[in-house]
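The values are calculated or read from the model by the stated rules, or taken from the named source; none is laboratory data. Bear in mind the structure is a predicted one, so any value in this text is a computation, not a measurement. So basically every Cβ, Gly included, is an ideal-geometry build from the backbone, and we count neighbours across all protein chains shown. The protein model used for the area step is the full one, side chains on, heavy atoms only, and it has no ligands, DNA or RNA in it. Shrake-Rupley method; radii C 1.70, N 1.55, O 1.52, S 1.80 Å.
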Amino acid sequence: VQLQASGGGLVQAGGSLRLSCAASGIIFNIYSMGWYRQAPGKQRELVAGITSGGSTNYSDSVRGRFTISRDNAKNTVYLQMNSLKPEDTAVYYCKADRRSAGRAYWGQGTLVTVSS
């Protein structure tokens, strides 16, 4: 199983980035997918999630600015991040989750840095 995250980088406050996470080795369309982030000195936190059926949820800190989506034909989940703030600076990780089977997989992370 491999989850390859990409799209991170350096952006000014107010800017946008789109993260991608391409999955292989799993039946992608039956997994819930999530984006998490971990800032220096802080715990990893859930940013956004999308179920196999397409239902989404967001943390309060990003709701209205970030959008999670998935393309099952491409085995890829996306995170569109708009109106970025310096406090969004973190390493962003994708996760594939199938709780009913007790399976979860993490990607390697991609760094997002938002300058003020």
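Amide H contacts of ASN75: none lie under 5 Å away among residues 5 or more positions distant or on a separate chain (H built 1.01 Å from N in the peptide plane; Pro and chain starts excluded).
Working from Cα pairs under 8 Å separated by at least six residues, relative contact order for the chain is 36 percent. Once the Kirkwood radius over Cα pairs is known for region 1-55, the Stokes-Einstein relation at 37 °C and 0.692 mPa s delivers a diffusion coefficient of 249 µm²/s. Of the trypsin sites (Lys or Arg not before Pro) found in region 43-116, those that fall in a DSSP loop while having at most 16 other beta-carbon atoms within 10 Å are ARG44, ARG65, LYS74.
Taking amide H as placed 1.01 Å from N in the peptide plane, the amide H of VAL47 sits under 5 Å from that of TRP35, TYR36, ARG37, each at least 5 places away or on another chain.
Only lysines eight or more places from LYS74 in sequence, or on another chain, were considered; those with a Cα closer than 19 Å are LYS95.
Computed over the chain, the alpha-carbon pair-distance distribution with 5 angstrom bins reads 2, 13, 24, 26, 19, 10, 5, 1, 0, each value a whole percent.
Expressed as a whole percent, the accessible area of region 61-112 that falls on carbon and sulfur atoms is 45 (1.4 Å probe).
Work out the length of the dipole vector of the chain about its Cα centre, built from +1 on the beta-carbon of each Lys and Arg and -1 on the beta-carbon of each Asp and Glu, and round it to the nearest 20 debye.
Roughly 180 debye, rounded to the nearest 20.
Across region 17-63, the mean sequence separation of Cα contacts (distance under 8 Å, 6 or more residues apart), normalised by length, yields a relative contact order of 27 percent.
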